[in-house]
Each structure stands twice: as C-alpha cells, then as structure tokens.
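A quick write-up on the structure given underneath.
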Amino acid sequence: MTTPTLEPDTRPEAQGDSTKRFGWITITVAIVGGMVVAGTLTSAVFNSLRDVMRDETTITESVAGVSSLRVDVDSVGIEIEFGDVSEAQLAVETKGFKQAGDWQLTTEGGELAVERAGGRSGGPFGDEELSLTLPRTLSGEDLDAHITVSSGAASLEGDFGDLVIETNSGASNFEGSAANLTVSTGSGATNIEAEVSGDVVLAANSGAVNAVFTGSAPKGTDISLESGFGSVALPDGAYKVESNLSESGMANVNVRQSDDAESTLSVSVGSGFLTVE
C-alpha cells in the first residue's frame, strides 16, 4: 500500500485585488494631497494679492451746521478724533479687492455720516482701515454721536454731548468725555475711560465692558449684564444703590452708599459677573 504524499501549493498568490486596492489608495492620497496643495497655493495667491492691491483716498466734507455724527461700520477698523482741520476728513486705506472709493462723507439735516456709497458691500476679500478727523470747533457737548460697530473695531477719542456706542461682535474703545453716555455690547468688548456728568447706561449680553469714570460722579449710572462680564470704576462719592440679581448672577459693589445721595447706581445681573468700585 502506497501512502499519498501531500505536495506544497506552489501556485503564485492572487495579487489582482491587492494591487487594485493599493492602487486606489495611492490615487486617493494623491488627490487629497493635490487639493491641499491647491488650497495652500490659492490662499497664498489671495494673501499676495491682498498685500499688492492697495488703494487709498482722503475725503473731505464741510461741517457747517453739523450737530451730530453717525458712524456704522461692519468688518472695518475706524479711528475717530479731533484735529487741526477746517473740514471733516476721512482717510481710507484698503487692501485686496476692496475699493477706497466705496466710502463717503455726507451731511444732511445737521448730521455728518460715514457710510458706503450707495450702501454697497465692501466685498469678502480684503481689509479696510478708516480714520476720521473732525475739526476741534465741533468738540464738546454740542456734538452728539452714534457709533455702531459690527464685527469691526472703533477707537473714539474726544469730547461729546450725547454719545451712543453699540458694539455687536466687534470691539470699541472710547477715551474722553460726554454729557450722557450709552454703551450696548453684544458679544464684543468695550473699553471706556471717560468723564460723564449726566447719565451713564452700560448694557452687555455675552460681551465684556471695562469702564473707568473720572471727574465728578455721574448723575445716574445704570449697569445691566445678561451673561457678560463687567468691571466699572466710579469716581469717589456716595451713591444711592439699587440692585437686581438673579440666582446665577454675581455682583461685587464696593462704593459708599447713602439713601440721600444725589448720584444713583442701578445694578442688574443675569448670569454674568460684575464688579463696581
């Protein structure tokens, strides 16, 4: 009887599926790599164009009869100050696909306004920097101002009458004085260093307010926080204080209190945190 002998299988391994699988992996990696390179090159091209494509202009406007200022900016940086000029001057500098000529100064009914010509959008690519210089003859309580900042930045310096600053998701800074001051902050940030003789109203949703007041105490100070953060320093003096705090709100009020004080302080906090001193 002969015992059968098992011979080893010497047939070559089937490599068709493996080769195809690794081939597709190689192609996929190449495509993804190409997309990354293309994206990097595109970004580099746009950055280069933004730096090369520059435009600037200076716009002037008479301020005869002007008693108020209105500025509404979106994704723009603007500086506002008083200087040795005879007319209002708006210097505009742009980069990328935005045009300096898109901006204008207008006066109507005693109001000086900074706005885009025809309400046009500035386009998605590029940067814009504005600088508004007002004649010193306008400085003081005779000039009211309303400044609105949406995802941009505004720096304001000088003396005003009734001043309103609205900051949505941008940042604003004010240094100077005002007869009355109203500040509203959404998810942005506001910094103030000012002297106010009348009423101060500070409101923040999820944003932050940092304010330092100098000189004499404001007639009335109203501070309202939802879920934001506030730090307020008031001039030394006595205040008649009213507070409204929710269970999740926190406030540290460290001022001299008196029911007979001429200056009032009202504090309302939702889920935010406030320090007043």
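What follows draws every value from the coordinates through simple rules; no lab data is involved. Predicted model only: the values in this text are computed from it and were never measured. Don't worry about glycine lacking a Cβ; one is built from the backbone with ideal geometry, like all the others, and counts go over all protein chains shown.
Assorted remarks:
- Remark: the range 141-277 projects, on average over all directions, an area of 7.0 nm² (convex hull of Cα atoms).
- Surrounding net charge for VAL241, when Lys and Arg each add one and Asp and Glu each subtract one, Cβ distance under 11 Å: 0
- Estimated FRET transfer efficiency when R0 is 41 angstrom, pair ALA113-ASP259 (beta carbons, to 0.05): 0.40
- As a calculated quantity, the FRET efficiency between ASN244 and SER155 at R0 = 30 Å, using C-beta atoms, amounts to about 0.35.
- Neighbour-count ranking [beta-carbon atoms within 10 angstrom, fewest first] of VAL66, VAL149, VAL73: VAL66, VAL73, VAL149
- Modelled this way, with points 7 Å down the Cα-to-C-beta line, the labels at ASN210 and GLU81 are 2.0 nm from one another.
- Part-to-part distance (alpha-carbon centres) for the range 226-265 and the range 58-89, which is given in Å: 35 Å
- Fully extended contour minus Cα-Cα distance, from LYS219 to ARG54, at 0.36 nm per residue: 54.6 nm
- Net charge contributed by nearby residues that have their C-beta within less than 14 Å of PHE273 (K/R +1, D/E -1): -3
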